[in-house]
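Participant: Quick one: the structure is below, and I'll ask about it shortly.
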Amino acid sequence: MRIDDSVRDSVLGAVPSLRAFAISLCGNVDRADDLVQETLLRALANINSFQPGTNMSAWLFTILRNHFRSEYRKRRREVEDADGSYAESLKSHPAQQGHVEFGEFREALAQLPADQREALVLVGASGFSYEEAANICGCAVGTIKSRVNRARTRLAELMSIETTDEFGPDHTTRAVLAGNDRN
Amino acid sequence: MKDRKPTGSQPPMDAAANQKKSTAKLGRDIQAKLGQQLRAMYDDVVSQGVPDRFSDLLNKLDDNGDKGKR
């Protein structure tokens, strides 16, 4: 396989945000990196279907998102309550999330339905427009907008329930998570 | 703007409206903080850059040999 310099640069340039997106989807750094690697392999094997001049990053996000969704569906057949087990894995393995300081926020994010979570991350963190996010997720722009709105409302509810007097990382939780880390 | 009085000069009768306003403001504050946390969490990963395994992967896939090494 020959990889053009321009392709190589734009693929590698997208890797940091692909990883961030993948971690937010699956909640596990190791699995996220595998997901990114599988995405790159698929992308390079199908590089001819990429239209030069269009957004390489959005194309890669689409591949990653679709790959994750099909894996997720497969896993769901094997494990009942995939959402619940994902949230549970965050609580039992905080070390896998990278930095513990976002633990509480991650837990709230993990409790969102997958379609709301991906929409919120694409628009609120990856910097895609509603239109781009709709293309990546294969749905209408209005659907993305309502998913983002529902995600924001639900997150606010989750976070204000869990931190009654102060918004932000809860120090007790953080200390407990940090303690579990060393077990 | 002209229909918005400063909060201090609101008559007591507007207490309900005031509360509604402050709830809306609280909502905006929370949303702003949620947005910050989301981006901080995301950018924390982005700032880690490209792990070696991915540049190694591309080098391995590229038949062009040494070209990929930099």
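Any read-out appearing in this document is the output of simple, stated calculations on the displayed coordinates, not a laboratory observation. Bear in mind that the values here come from a model prediction, so they are computed numbers and not experimental data. No Cβ is skipped: glycine too gets one built from the backbone with ideal geometry, and neighbour counts run over all protein chains shown.
Participant: Tell me the label-point distance for the pair A:Lys145, B:Lys21, using the 7 Å Cα-to-Cβ offset, in nm and rounded to one decimal.
Facilitator: Here the answer is 2.8 nm between the modelled labels.
Participant: Can I ask one more? Where does each of A:119-129, B:49-59 land if you order them by average Cβ count within 10 Å, highest first? Mind dumping the intermediate values first?
Facilitator: Details: A:119-129: 22.0, B:49-59: 15.4.
Sorting A:119-129, B:49-59 by mean packing, highest first, produces A:119-129, B:49-59.
Participant: Please compute the modelled spin-label separation between A:Asp4 and A:Glu157, points set 7 Å along Cα→Cβ, answer in nm with one decimal.
Facilitator: 4.8
Participant: Please work out the Kirkwood hydrodynamic radius for region A:1-58, using every pair of different C-alpha atoms, and report it in angstroms with one decimal place.
Facilitator: Working: mean 1/r = 0.0835 Å⁻¹.
Kirkwood hydrodynamic radius for region A:1-58: 12.0 Å.
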